[in-house]
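Remarks on the structure that follows.
Where a number appears in this text, it was derived from the coordinates with a stated rule and is not lab data. In this text the structure is predicted, and so the values were computed from the model without any measurement. Cβ placement follows ideal geometry from the backbone for every residue including glycine, while neighbour counts extend to all protein chains displayed.
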Amino acid sequence: MKLAQALPELVLDMESALVNLGRGDLVEQLKVADVARWNYDDFSDTTYLQISAQEGAERLSLYDELGVNVDTDEHGRLCGIEILEGKRIAARLANAA
């Protein structure tokens, strides 16, 4: 499923936060990203969106703005998104599947 279609508001919010961090290079990646899989951890109330099979080499924190962490691989490509207080996101993804 396309990230931008499943969670358009989240993508829009992340775009402006990433530009403010100086990581506008990730904005285009967000627009075309496919969610390979996702999981929800009830204990921590966290939803993790796996974008690619690559391991995260860098974690960008958008916590203060959105409660989100963005993982990129060693080449700066988007590979995962962690959403804190993610129960609402998990419910939307379950309904979109």
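Descriptive notes on the structure:
- GluC sites (Glu not before Pro) restricted to the stretch 33-84 and DSSP loop, no more than 14 other C-beta within 10 Å: 55, 74
- For the chain, with +1 on Lys and Arg beta carbons and -1 on Asp and Glu, the positive-most of 46, 27, 91 along the dipole: 91
- DSSP-assigned coil residues among chymotrypsin sites (Phe, Trp or Tyr not before Pro) in the stretch 42-92, each with at most 16 further Cβ atoms within 10 Å: 43
- For the stretch 16-21, putting each phi into the Karplus relation 6.51 cos²θ - 1.76 cosθ + 1.60 with θ = phi - 60° gives couplings of 5, 5, 5, 4, 4, 7 Hz, in residue order, rounded to whole numbers and with x for Gly and Pro.
- Relative pair counts by distance (%), Cα atoms of the chain, 5 Å bins: 3, 14, 27, 29, 20, 7, 1
- Averaging the Cα positions of each part gives two centres, and for the stretch 79-97 and the stretch 1-74 these lie 11 Å apart.
- In nm, spacing of pseudo-spin labels at residue 34 and residue 13 (7 Å Cα→C-beta vector): 2.7
- Potential extension, residue 5-residue 85 segment - 0.36 nm per residue separation minus Cα distance: 26.7 nm
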